[in-house]
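The values are calculated or read from the model by the stated rules, or taken from the named source; none is laboratory data. Predicted model only: the values in this text are computed from it and were never measured. Note: ideal-geometry Cβ built from the backbone for every residue, glycine included; neighbour counts use all protein chains shown. These area figures cover heavy atoms from the full protein model, side chains too; ligands, DNA and RNA do not enter into them. Shrake-Rupley method; radii C 1.70, N 1.55, O 1.52, S 1.80 Å.
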Amino acid sequence: MAKKIKYKVGGGCVLCMTCLYECPVHAITLVPNVSSVIDQSKCVGCGSCYDNCQPGAIIPVEVEVE
């Protein structure tokens, strides 16, 4: 199986919502007073959320894809 980089919300999320606006496929939702959540079935691994959020808010993860 091939591997691909996708992203998940880390412990540094401060609910700034930048990732929500930057995601081109609308894979991110906001859980009020908690954190953002990335729907892995929608995430295409483009890195826009990672590139535009503060360090530690979004982290890359390696996943297997068919």
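Under 7 Å between Cβ atoms, which residue pairs at least 6 apart in sequence (or on different chains) link something in segment 46-61 that is in contact (Cβ under 8 Å) with a residue 12 or more places away in the chain and crowded, with 16+ Cβ neighbours inside 10 Å with a partner that is in a helix (DSSP H, G or I) and not acidic (Asp, Glu)?
Pairs that qualify, where the first residue is in contact (Cβ under 8 Å) with a residue 12 or more places away in the chain and crowded, with 16+ Cβ neighbours inside 10 Å and the partner is in a helix (DSSP H, G or I) and not acidic (Asp, Glu), are CYS49/CYS19; CYS53/THR18; CYS53/CYS19; ILE58/CYS19; ILE58/CYS49; ILE58/TYR50.
Which of the residues that make up segment 1-34 are β-branched (Val, Ile, Thr), under 12 Å from GLN54 (Cβ atoms) and either part of a loop (DSSP other than H, G, I, E, B) or in contact with a Leu (Cβ under 6 Å, 6 or more places away or on another chain) (or both)?
VAL14
How do the pairs read when you match residues in segment 15-36 that are aliphatic (A, V, I, L, M) with residues anywhere that are assigned to a strand (DSSP E or B) and open to solvent by 60 Å² or more (accessible area, probe 1.4 Å), using Cβ under 8 Å and keeping only pairs 6 or more apart or on different chains?
Taking only residues 6 or more apart or on different chains, the pairs are LEU15/LEU30; MET17/LEU30; LEU20/THR29; LEU20/LEU30; ILE28/VAL37; LEU30/VAL37; VAL31/VAL37.
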